[in-house]
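**Q** One structure follows; several queries about it will come next.
Every number here is computed from the coordinates shown, using simple stated rules; none is lab data. Everything quoted here is computed from the prediction, not taken from an experiment. Don't worry about glycine lacking a Cβ; one is built from the backbone with ideal geometry, like all the others, and counts go over all protein chains shown.
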Amino acid sequence: MDLSAIAATVLASAVLASIPLMLAATGEAIGERAGVLNLGIEGTMLLAGLVAFRVALDTDSIVIGLLAGPLVGLVVGTLFGLLVTLARADQVLVGIGLTLAGTGLSGFLFREWYGDQQPLLDTGSGRPLASLADHVPVVGPALFDQHWVVYAAMIGVLLLGPVLTRTRAGLLVRATGEAPFAVDAAGISVWRVRLGATAMAGVLGGLAGAVLVVVELGFFRPGVTAGAGFIAIAVAMLGQHTPLRVAVASLVFGVLQGLGPGLQVAGAPVGSDFPRLLPYLGVVVALLLARHRVALPAALGRPYDRATARQDD
Amino acid sequence: MTVKDMSRITRYEEDTHMLAGHHSRRDGIRYGCLVRSRLVALAIAVLLMAPLAVAPASAQEGVEVRSVAIVTPASRTNQGWDQQGVDNLIRVGEELDVDVEVAENLGYDDITPVLLDLASDDVDLIVCHASGYQTVCPEFAAAEGVPVVVIENPEAIQPGLVADIETQAQEAAYLAGVMAGNETTSGTVGIVVTGQPPTWNFMTVGFAEGLKAARPDARLVYTSVGEGTYDDAAAARQVTDTVLAAGADIVFGMGDGAAFGMIQAIREHNQQSPGQPPVRFIDVIGDKSGNEEAADLLLTSVLFDYTAAYTQMIADLEAGTFGQVYTMDLSNGGVNLLETKLAIRSETTEAVAAARSGIESGAIQVSSVGDAKGVDQRLRELFPT
Amino acid sequence: MVAASVESIRETSPAAMRSRPVLETLVAVVLSIVAGSVVLLITGHDPVEVYRALIERAVLRPAGLEETVVRATPLMITGVAVLIAVRAGIWNIGIDGQVLVAALAAAVAAALVTDAGRPVVWLTATVAGLVAGAAWALPAALLRARFGVNEIVTTIMFNYVALFLTAWLVKGPLRDRSVVSPQTELIPRELRLVSLGDTRTHAGIIVALVLVVLVGWALRRTVAGLELRVVGENPRAAAVALIPVRAYLFGALVVSGAVGGLAGANDILSTKGTFQAEWDPGYGFTAFALVFLARRSAWALVPGALLLGMLAYGADVMPRAAGIDPAFFGVIEGTLLASLAAPVLIRGLLARRTRKEVR
């Protein structure tokens, strides 16, 4: 058996699988940086994925489908943001509500729209660098045999790093998560910054759903994200809320997920259940090991409250 | 009953040749007015149920079956197990002019309340369409006196109350294995399962035995996506990618919605490797050839057809002989192989036909292994690494 | 201006929430019904017919009402579990995993003592469930209290681990070999919890109610309960007051896990009788919905659980009664959660306007 071929595919597959995770986790990281924990990513991804799928099918264009996803994410993220900033609703509460509603609505609409049909999109084309893959052993396919969206998404996420650290907007976002009182004292509206961050998180979550459905799978099924929205929260934390590290953490998670089937195919007597729980245990262990560096924004999860801010911050 | 079902009834109106003869009460209920007539049916059924409630165990009298129900763990549009049962029962209902109630997406929580709700609508028979319901349904039948059908639990049968469907899917899976063994050019064949429920396990072992018989030197790559991943298409896709990398050129995939993740992985693989013989997919339970993209790589499918079993059990209920084990096997057409548009070699067709007659004559015995440990053991025996 | 913002902002503090909790919760319920109606209308369904069928099936029919109570039982118990953690300011999103592990432990332990009779079976399953639930929350509790690792992520991760671990156990070492499908040895009906009269409602609801009363009392009237609340609302003040914050965080999560485990044991001892692979009731999120619906009050968990129990049962019977996909009930539940924030939003907007006027 060609072990290197298997390893190459596990890696290539993991890269593709890590893209939606990376996008969603980056969005989550930006939201958390501003002090907003969004447990509604899963629901956002599903809703956006469904709409992206339908738009891509109806327009026969992957690009338009990919644009529709973030649009849905923007609407959902803004709504979420309004509820947790202006209304000062509990973030965990609204997040769970969003996940429940998004999961339910996407499943309901899918059934209404497609009944017992399952249309499929074409996912095989659009790989500009595929011809280079054979020249590099093992990691060739992972690096080159990928959809152009994979590269675009990676570049986009990596560019967000400097945006967060170097620009005024990025600084504001981070300050709002660490010391909202200081932001407020500087005459900048805390809730506007947070709203902007959650809208951005929604856009990225929506894009994640669209990429999963339109690029990775080529179809939507009810609950197709299978928990990716929650993994994204873990990955955002592991990635210490910086886009580059989030990308790395997503990739590691993708590889861990692919490791199980890889081992099974290679003939290792591991069964199917233990490899499946590896990535999740891995996250816990990684959180433990990196505990000194995985610092959460000081004001995470708390609605900003001018009246009490002084005593807390 | 949804509007869609109603329209289907009209579509099947002329298609009632089979059993129209001995169902003279057809006069009583008209197609278009099922809802209104349900009131009448309710009243009649209440009367009919009265003696049943007094002596549930001795319901050998036979009842007039007006309405049957099916309960499924997942969605009735899940492109697999659940959909096949529901679609088949609806077809039987249309042919016999029996009202069909569908309770879907129930998971493996306690379904007794749903069964009770169905009973309160006076259904005459409940099909418990999951091997995971083999405990709760007989308990319910004993308590309420409503006849039920369970899957893969022959010990539970009780005259008048509990019948059992045994799907000998391993027989058709064996044929699929023979087909794969004859059709593979790489000599490597993959099996991808979404969890290890009995039905998947039976087919895994049947397929492996067929493959071994047809091509002793074949290599079998067996992978499970993980427990309860019937709809986890992304994970199924990732697993299938890996199986393809191991050189498999035929993939036997068992998963409901997740099967489309496998199909997409194969489609993409084929597009990426032009000039090589395309990888083909063997499906289970239903017929996905209506889907153009899937049809292009669908070698065959291990089809489940419950219509004969459902028809027979309704007849038995009316005759007072309900409560048996109904077997779905190759010889009665309960399981079968789907013919698809893909060209297969004539040697393959012959080998499959020979295996079929071997199974039907009893010359070939296909193992029936339902538990996960047993699968591992049998696969190791057949394909030692 | 400060006064206005205090009024509008401190809605998360229990004191302010008691302003008009019943009214605001009702508004949220109505809003979620409206949201559901919009979805139904857009997709060509008749909302009146759908809701009428729901009420008829789940409330007006005696069997439906019994079932609503049966469904409410584990929700009430898991609601208490979430509440205990929430009071300490921590998020136990691992209820699902705790329920699974505890249910498996309860099923296996109870099956070992079936010869000893009913009380022993009950006691064994209960203790096994409590211990297993607590044990499953232990790593997250340790990590949080000892190392400060966020419990939201660890508890979610342990849900997945529980799912695959229990599946492996019940397919392998703990499987009842006399049946084909992977499940543990069945506890006979006559050894499970007694029914209340001639109904499907069982003694579990009494346990749940006692638990609500007990925990409600402990949280409000005992020193530990009050200190727990201080830890949850203001850990810094708690530390200043020499309250052992870490011990409370640890204890709250472990006790929350144990109570969550009780729900698993309840399911095995009542409706299930056996642990099956692939069974995953997913109470966790609904329990969160419940706690917030109840506005973090223990007593209010009871009516809240009944409402959500009705929806849970509705999701099972409605598709048939009204021809809609069960996923619809996710929409209702989700918008109900989000709507709980709506009255606050309106008040907040009003307050902003007042502030502007003052300005």
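**Q** For the range A:138-151, in order, what is each residue's ³J(HN,Hα) by Karplus, 6.51 cos²θ - 1.76 cosθ + 1.60 with θ = phi - 60°, in whole Hz (x at glycine and Pro)?
**A** Couplings: 6, 8, x, x, 4, 7, 10, 8, 10, 5, 4, 4, 4, 5 Hz.
**Q** Over all distinct alpha-carbon pairs, what is the Kirkwood Rh of chain A in angstrom?
**A** Final number for the Kirkwood radius of chain A is 20.0 Å.
**Q** A further question follows. Divide, for the range C:112-235, the radius of gyration over alpha carbons by 2.2 N^0.38 Å, where N is the residue count.
**A** The value comes to 1.39.
**Q** Follow-up question, since we're still on this one. When the Cα centres of the range B:219-233 and the range B:89-167 are compared, how far apart do they sit, in Å?
**A** The two parts, judged by their Cα centres, are 28 Å apart.
**Q** Set the Förster radius R0 to 25 Å, insert the Cβ-Cβ distance between C:Ala239 and C:Leu138 as r into 1/(1 + (r/R0)^6), and round the FRET efficiency to 0.05.
**A** Using R0 = 25 Å, I get an efficiency of 0.60.
**Q** Evaluate the distance, in nm, between pseudo-label points positioned 7 Å from the Cα of A:Val136 and of B:Ala295 along their respective Cα→Cβ axes.
**A** With each label point 7 Å from Cα toward Cβ, the separation is 4.1 nm.
**Q** Oh, and also: Kindly provide the Kirkwood hydrodynamic radius of the range A:175-285 in Å, to one decimal, from all pairs of distinct alpha carbon atoms.
**A** Every distinct Cα pair counted, the radius reaches 16.7 Å.
**Q** Further question: Give me D for the range C:187-313 in µm² s⁻¹, whole number, from Stokes-Einstein with Rh from the Kirkwood sum over alpha-carbon pairs, 4 °C and 1.567 mPa s.
**A** Using the Kirkwood radius from Cα pairs, D works out to 78 µm²/s.
**Q** Check B:Gln324: other-chain or 5+ apart residues with amide H under 5 Å from its amide H, H built from backbone geometry?
**A** B:Asp164
**Q** Could you pull out every residue, at least 5 positions away or on a different chain, whose amide H is within less than 5 Å of the one on B:Leu106? Hs are placed 1.01 Å off N in the peptide plane, and Pro or chain starts have none.
**A** B:Thr72, B:Ala74
**Q** Per the Kirkwood treatment, what hydrodynamic radius in Å, one decimal, follows for the range B:253-364 from the mean inverse distance over all distinct Cα pairs?
**A** Values: mean 1/r = 0.0611 Å⁻¹.
The Cα-based Kirkwood calculation yields 16.4 Å.
**Q** Going from the alpha-carbon gyration tensor of chain C, what semi-axes, largest first and in whole Å, does one get by taking the root of 5 times each eigenvalue? Mind dumping the intermediate values first?
**A** On the way: eigenvalues 246, 161, 61 Å².
Values for chain C, descending: 35, 28, 17 Å.
**Q** Using the Cα atoms as the points, what is the convex hull volume per residue of the range C:10-166 in Å³?
**A** 199 Å³
**Q** Put a dot 7 Å past each Cα toward the Cβ at A:Val270 and A:Arg168; how far apart are the dots in nm?
**A** Between A:Arg168 and A:Val270, the simple spin-label model gives 5.1 nm.
**Q** Here's a follow-up. In a solvent-free Debye calculation with one equal scatterer on each Cα, what is log10 I(q)/I(0) for the range C:36-80 at q = 0.24 Å⁻¹, listed in the order of the q values?
**A** Scattering profile of the range C:36-80, log10 relative to I(0): -0.78.
**Q** Which ³J(HN,Hα) values, rounded to whole Hz and listed in residue order, are derived for the range C:134-149 from phi using the Karplus coefficients 6.51, -1.76 and 1.60 in 6.51 cos²θ - 1.76 cosθ + 1.60 with θ = phi - 60°, glycine and proline given as x?
**A** 3J(HN,Hα) across the range C:134-149, in whole Hz: 5, 4, 6, 8, 4, x, 4, 5, 4, 4, 6, 6, 8, 10, x, 6.
**Q** Which part of the range A:33-54 falls in the paramagnetic zone of A:Ala290, meaning amide N under 19 Å from the point 7 Å along Cα-to-beta-carbon?
**A** The answer is A:33-38, whose backbone nitrogens lie closer than 19 Å to the label point.
**Q** Can you tell me what share of the DSSP beta bridges in the range B:143-276 is antiparallel? A percent to the nearest 5 is fine.
**A** The antiparallel proportion sits near 5 percent.
**Q** Can you tell me the convex hull volume per residue for the range A:160-214, based on C-alpha atoms, in Å³ to the nearest whole number?
**A** Output value, Cα hull per residue: 71 Å³.
**Q** Sticking with this structure for a sec: In the range B:192-215, which residues have a backbone nitrogen under 18 Å from the label point lying 7 Å from B:Ser367's Cα in the Cα-to-Cβ direction?
**A** Backbone N within reach: B:192-193, B:196-215.
**Q** Spelling out what I want: for every residue of the range B:313-329, take phi, set θ = phi - 60°, compute 6.51 cos²θ - 1.76 cosθ + 1.60 (Karplus), and round to whole Hz; glycine and proline get x.
**A** Each residue's phi maps through the Karplus curve to give 6, 5, 4, 5, 4, 6, 8, x, 10, 5, x, 10, 8, 9, 9, 9, 10 Hz.
**Q** Between B:Arg380 and B:Ala343, what FRET efficiency follows from the Cβ-Cβ distance if R0 is 25 Å, with the result rounded to 0.05?
**A** 0.15
**Q** Which percent of the Cα-Cα distances in the range C:120-170 go past 17 Å?
**A** Across the range C:120-170, Cα pairs with separations above 17 Å total 47 percent.
**Q** Is there a quick way to get the dipole size of the range A:187-313? I mean about its Cα centre, with the Cβ of Lys and Arg at +1 and of Asp and Glu at -1; what is the value in debye to the nearest 20? Each step should come with its number before you reach the end.
**A** Numbers: 10 positive and 5 negative charges, 62 e Å.
Around 300 debye, computed over the range A:187-313.
**Q** Another question, then. Rounded to the nearest 5, what % of DSSP beta bridges with both residues in the protein assembly as shown are antiparallel?
**A** Percentage antiparallel, nearest 5: 15.
**Q** Picking from A:Ile41, A:Val190, A:Ala8, whose Cα lies most toward the positive end of the charge dipole for chain A (charges on Cβ: Lys, Arg +1; Asp, Glu -1)?
**A** Going by the charge dipole, the pick is A:Val190.
**Q** Moving on to the next point. Would you mind ranking A:Phe253, A:Phe274 so that the residue whose beta carbon has the fewest other beta carbons within 10 Å leads the list?
**A** Numbers: A:Phe253 28, A:Phe274 14.
Fewest-to-most ranking of A:Phe253, A:Phe274: A:Phe274, A:Phe253.
**Q** Continuing with the same structure: Check B:Thr167: other-chain or 5+ apart residues with amide H under 5 Å from its amide H, H built from backbone geometry?
**A** For B:Thr167, the qualifying residues are B:Glu152, B:Met328.
**Q** Now for a different question. For the ranges B:374-381, B:255-262, A:91-98, what's the packing order if you count other beta-carbon atoms within 10 Å of each residue, average per peptide, and put the highest first? It would help to have the intermediate numbers written out before the result.
**A** Numbers: B:374-381: 16.1, B:255-262: 29.5, A:91-98: 26.6.
Peptide ranking by packing, descending: B:255-262, A:91-98, B:374-381.
**Q** Looking at this model, which pairs from B:Lys212/B:Lys341; B:Lys212/B:Lys373; B:Lys341/B:Lys373; B:Lys212/C:Lys171 are more than 30 angstrom apart at the alpha-carbon?
**A** Over 30 Å apart, Cα to Cα: B:Lys341/B:Lys373.
**Q** Between B:Ala319 and B:Ala353, with labels modelled 7 Å along Cα→Cβ, what's the label distance in nm to one decimal, could you check?
**A** The answer from the label model is 3.4 nm.
**Q** If you project the alpha carbons of the protein assembly as shown onto their three principal axes, what span does each projection cover, largest first, in Å?
**A** On the principal axes, the protein assembly as shown reaches 89, 76, 56 Å in Cα extent.
**Q** In debye to the nearest 20, how big a dipole does the protein assembly as shown give about its Cα centre with +1 on each Lys and Arg Cβ and -1 on each Asp and Glu Cβ?
**A** 5540 debye
**Q** Fewest Cβ neighbours within 10 Å first, please rank B:Val243, C:Val212 accordingly.
**A** Placing the least packed residue first, the sequence is C:Val212, B:Val243.
**Q** Using the C-alpha gyration tensor of the range B:245-315, what are the square roots of 5 times its eigenvalues, in whole angstrom, with the largest one first?
**A** Each semi-axis is the square root of five times an eigenvalue, giving 30, 11, 10 Å.
**Q** Could you compute the net charge surrounding C:Trp91? Neighbours are other residues with a C-beta less than 12 Å from the C-beta of C:Trp91; K and R count +1, D and E count -1.
**A** So the environment of C:Trp91 carries a net charge of 0.
**Q** Using only the Cα atoms of the range A:1-123, each taken as one equal point scatterer with no solvent, compute I(q) by the Debye sum, divide by I(0), and report log10 of the ratio at q = 0.10, 0.14, 0.17, 0.19 Å⁻¹.
**A** After summing over all Cα pairs, the log10 values are -0.40, -0.72, -0.94, -1.07.
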